[in-house]
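In what follows, a single structure is set out as C-alpha cells and then discussed.
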Amino acid sequence: MDFTLTKEQLLIQKMARDYAEQYIQPLVERIESENAVPKEVIEGLAELDLFGMPMPEAYGGAGAGYDTYVMALEQIARISCGPAMIISAHTLGLGAINNFGTEEQKQRYMPKCCRGEHIASFAFTEPGTGSDPKQITTTAVRDGNHFVINGTKRFISNGTCPGPMVLFARDQENGKITAFIVEKFCEGYSVSKPWEKLGWHGGNLVDIYLKNVRVPAENMLGERGYGYPILQYGIAFGKIGMNAIALGTLLAAYEEAVKYAKEKTHRGEPIAKFQTIQLRIADIAMKYEASRWVAYRLGYLANQTKDYADFAREAAMAKVIVAENAFSATRIALDIHGSYGLMTDYKISRLYRDAVMGPQIEGVIDMQKIIVAGSILFK
C-alpha cells in the first residue's frame, strides 16, 4: 500500500495552502465578524478549480479525485472554515448530480458549478428531522409535466447562492422520497436570515421556504421514488468534506499549540521544555497523523466505491475518528494556552469554536456509531 502523495497532489496541496495564506488569511477577521465570505475569495477559489476538484473533466471539473480534494480542502480550512464549508456543501450537491443525473442534467448544471459561477446545495434536513429520512414532510405533487413542491428545509448551506439545489420531497402518490434538482430563487423559493452559528463563520446556514414551487418533471434526479438511495449517498459523501474541514482545524490547532509552547516563557524558559507540555504536543501530533490518513483514505475510497452501503460504514467511522480527534486536540491546544486560550485575541479560541461544530454536522457522532454497529451486527 503506497501512502506517498503524487507530484500533482503535492502541487495542488501547496497551491491551496499558498492561496489560503496569501488571500484568505488577511480577511479572516472580516469573515468572522460579517459571517460572509467576500466575493473575491470565491472567485479565487474558482480560479484554482476547487469548486470542481473531484468532478470529471468532461463536465468542466478538474478530475483530481476526492482524495486530492480532501488535501486541498484541509489547507483552506486550516485558515478559515467558512470558505471550506461552502466548497464542501457545493461538492456534495454537485456530486449527487454527477452520480445520479441524466446526461442532459449534467451538461446543464455541472459546467457552471465546476467553474464556481453557480454554487450547489443539498437540501434534506427539516425542522422535524435531521437523521431520519422517514420524517420528511416536504411534499411533491404531480401536476402534468411538473411537480409542485411545498415545505421547509432547515440548516441548508449555500441556500442564498444562485445555482442548483438537490432537494428531497415525499411523493404524495406513492409516499416515497423523490429527489429533484431545484433552481434556487425560482418562483415560490425564499430563505430565512442566516443562522448565527457558534463556529464555521462565513459558511451560512439558512432555512428554505418552498411555496408551490413548480419543478419540471425532467428535473427529477434519478427515478421517481428513488430518492432514498440518493440521500444515502449524500449522507455518506457529505462526510468527506466535513472530515477535511475538521482535519484543517486540527492542523491549525496543532500549529498554534507548537508555536505558543515555543514562544511562551516561564522563569526565562519556554514552556516547551516542560514535560507536561511535551506530552500534550505529542497527543495532538498523534491525533493529527491518525486523522489525516483516515480522512485521506476516505477520499481514496470515494474515487472507486461501487457499494454505497460499504462506503457509508467507512464514512461513518471516519467521521467519528476525525471529528472527535479534532475536538479533543483543539481542547488540548487550548489548555496549552492556559487563560490566554480563552481570549479572542488568540486564534485558538476561534479554532475551538470551529472544532465544536464537527461532531454535530453531517450526522451526530452517536448516529455514526449506530451505522457502524448495524453494519457489523446485522449484515
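The values are calculated or read from the model by the stated rules, or taken from the named source; none is laboratory data. Worth saying up front: this structure is predicted, and the values here are computed from it rather than measured. Cβ atoms come from the backbone with ideal geometry, glycine included; neighbour counts cover every protein chain shown. Remember, those area values only see protein heavy atoms, side chains included, never the ligands or the DNA or RNA. Shrake-Rupley method; radii C 1.70, N 1.55, O 1.52, S 1.80 Å.
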Relative compactness, the chain, computed as alpha-carbon Rg over 2.2 N^0.38 Å: 1.00
First select every other residue whose beta carbon is under 12 angstrom from the beta carbon of Arg115; then total the charges, Lys and Arg +1, Asp and Glu -1. -3
Run the 1.4 Å probe and let me know the accessible area of Arg292, rounded to the nearest 10 Å². 50
Using a 1.4 angstrom probe with every protein chain in place, what is the largest-first accessible-area order of Glu8, Glu57, Glu314? Glu57, Glu8, Glu314
Just to confirm my numbers, what's the Cα centroid distance between segment 41-89 and segment 193-272 in Å? 13
For segment 86-177, percent of DSSP beta bridges that are antiparallel (nearest 5) comes out at 60
Hey, got the Cα dimensions of segment 61-108 along the principal axes, in Å, largest first? 37, 19, 13
Can you tell me the alpha carbon radius of gyration of segment 256-379 divided by the globular rule-of-thumb value 2.2 N^0.38 Å? 1.30
Simple Cβ-charge dipole of segment 231-379, Lys/Arg +1 and Asp/Glu -1, about Cα centre, in debye nearest 20: 140
Where Arg313, Arg297 fall by accessible area, highest first, once all protein chains stay in place (1.4 Å): Arg297, Arg313
Provide the solvent-accessible area of Tyr300, counting protein heavy atoms only and rolling a 1.4 Å probe, rounded to the nearest 10 Å². 120
Convert 20 °C to kelvin, take the viscosity as 1.002 mPa s, use the Kirkwood radius over C-alpha pairs of segment 1-106 as Rh, and evaluate the Stokes-Einstein diffusion coefficient in µm²/s, rounded to a whole number. 149
Ranked from highest to lowest mean number of other Cβ atoms within 10 Å per residue, what is the order of the peptides 359-369, 92-102? 92-102, 359-369
Gyration tensor (Cα) of segment 296-336, equivalent ellipsoid semi-axes in angstrom: 29, 10, 4
If you place +1 on the Cβ of every Lys and Arg and -1 on the Cβ of every Asp and Glu, how big does the dipole about the Cα centre of the chain come out, in debye to the nearest 20? 660
Positive minus negative residues near Ile371 (Lys, Arg vs Asp, Glu; Cβ under 13 Å): 0
Cα-based radius of gyration of segment 227-283 once divided by 2.2 N^0.38 Å, which approximates compact folds: 1.86
Here the net charge surrounding Glu47, from other residues whose Cβ is less than 14 Å away from its Cβ (Lys, Arg +1; Asp, Glu -1), is -3
At 4 °C and 1.567 mPa s, what whole-number value in µm²/s does Stokes-Einstein give for the translational diffusion of segment 139-214, with Rh from the Kirkwood sum over Cα pairs? 99
What Kirkwood Rh does segment 324-368 have if only Cα atoms enter the pairwise 1/r average? Answer in Å. 10.9
Going through the DSSP H helices of the chain, which span 27 Å or more along their own axis at the Cα atoms while scoring at least 0.0 as a mean Kyte-Doolittle hydropathy? 81-100, 227-263, 308-337
Using only the alpha carbon atoms of segment 66-163, find the Kirkwood hydrodynamic radius as the inverse mean reciprocal pair distance, in angstroms to one decimal. 15.3
Using θ = phi - 60° and Karplus 6.51 cos²θ - 1.76 cosθ + 1.60, couplings along segment 184-199 (whole Hz; Gly, Pro as x): 4, 6, 6, 5, x, 9, 8, 10, 7, 6, x, 5, 8, 8, 5, x
Extent of segment 172-310 along each principal axis, from alpha carbon coordinates, in Å, largest to smallest? 74, 39, 20
With just the Cα atoms of segment 278-317, tell me how far they stretch along each of the three principal axes, in Å, largest first. 44, 15, 6
How large, in Å, is segment 236-327 by the Kirkwood hydrodynamic radius built from its alpha-carbon pairs? 14.4
Ignoring ligands and nucleic acids, what accessible area does His146 show with a 1.4 Å probe (Å², nearest 10)? 60
For Lys379, go through the lysines and keep the ones whose alpha-carbon is under 16 Å away, minus same-chain ones fewer than eight residues off. Lys369
Cα convex hull of segment 86-229: how many Å³ per residue? 103
